[in-house]
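The values are calculated or read from the model by the stated rules, or taken from the named source; none is laboratory data. Since the structure is predicted, the reported quantities are computational estimates derived from the model, not experimental observations. Note that we place each Cβ from the backbone using ideal geometry, even for glycine, and neighbour counts take in every protein chain shown.
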Amino acid sequence: MLALRGPDKRAEFAPIAEQYRRFEPPTHWPMRAFVVCLICTFAPYPLLRIAACAAALLSLLTLLVMLRNVPKLECPACHYAMTISARSHCPECGMQMLEKGRCKRCFARVLTARARRPFKIRYCGNCGCHVDNVGL
């Protein structure tokens, strides 16, 4: 027997989804600058080393501020952090059919073992609440 999907909370979640879609920080630039500055700290000139240390600290601070401002994807119904692995419902189709990290209905992988999650969030992975049509 198929379990029904959870409640429809798209209207409540729409501002969070819009903020998340707008927020695509280029975090690779501060990270690259940090690595270059760390390499420059081994330069033979003392003034260059001091400037490289200051630039490395500034780029690290920029990276931390960017990562701190990432919008949190939290279910409006059960307050579950939706960026981690799904518990009982598939985040792609919303059905309660998970088995060994895959959905039986749509065959989506719902485990986040890597840095990027292999699924789009349309439903809450905990309660099955419908949060977005397009997917995040």
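Just one of the listed residues (I39, I16, I50) is in contact with an Asp or Glu (Cβ under 9 Å, 6 or more places away or on another chain) and either at pLDDT 80 or above or among the hydroxyl-bearing types (S, T, Y) (or both), and it is I16. Taken over the stretch 43-78, the criterion of being under 25 Å from K104 (Cα atoms) and free of Cβ contacts under 8 Å to residues at least 60 places away in the same chain is satisfied by E74, C78. Whether any residue in the stretch 16-35 is part of a helix (DSSP H, G or I), among the hydrophobic types (A, V, I, L, M, F, W, C) and surrounded by fewer than 13 Cβ atoms within 10 Å (Cβ to Cβ) is what I want to check. Looking through the stretch 16-35, at least one residue is part of a helix (DSSP H, G or I), among the hydrophobic types (A, V, I, L, M, F, W, C) and surrounded by fewer than 13 Cβ atoms within 10 Å (Cβ to Cβ).
Residue-by-condition table, conditions (1) surrounded by fewer than 16 Cβ atoms within 10 Å (Cβ to Cβ); (2) within 30 Å of P26 (Cα to Cα):
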| residue | (1), (2) |
| --- | --- |
| C75 | no, yes |
| G94 | no, no |
| L111 | yes, yes |
| R117 | no, yes |
| K120 | yes, yes |
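Quick check: is even one residue across the stretch 54-77 among the small types (G, A, S), more than 28 Å from E12 (Cα to Cα), assigned to a loop (DSSP other than H, G, I, E, B) and more than 13 Å from the chain's Cα centre (by Cα)? No: the stretch 54-77 contains no residue that is among the small types (G, A, S), more than 28 Å from E12 (Cα to Cα), assigned to a loop (DSSP other than H, G, I, E, B) and more than 13 Å from the chain's Cα centre (by Cα). Of the listed requirements (1) within 21 Å of F13 (Cα to Cα); (2) among the hydrophobic types (A, V, I, L, M, F, W, C); (3) crowded, with 18+ Cβ neighbours inside 10 Å, C103 misses just one: (1). Taking the listed residues Y45, Y80, the one that is within 22 Å of R117 (Cβ to Cβ), among the hydroxyl-bearing types (S, T, Y) and either surrounded by 12 or more Cβ atoms within 10 Å (Cβ to Cβ) or at pLDDT 80 or above (or both) is Y80, with no other qualifying.
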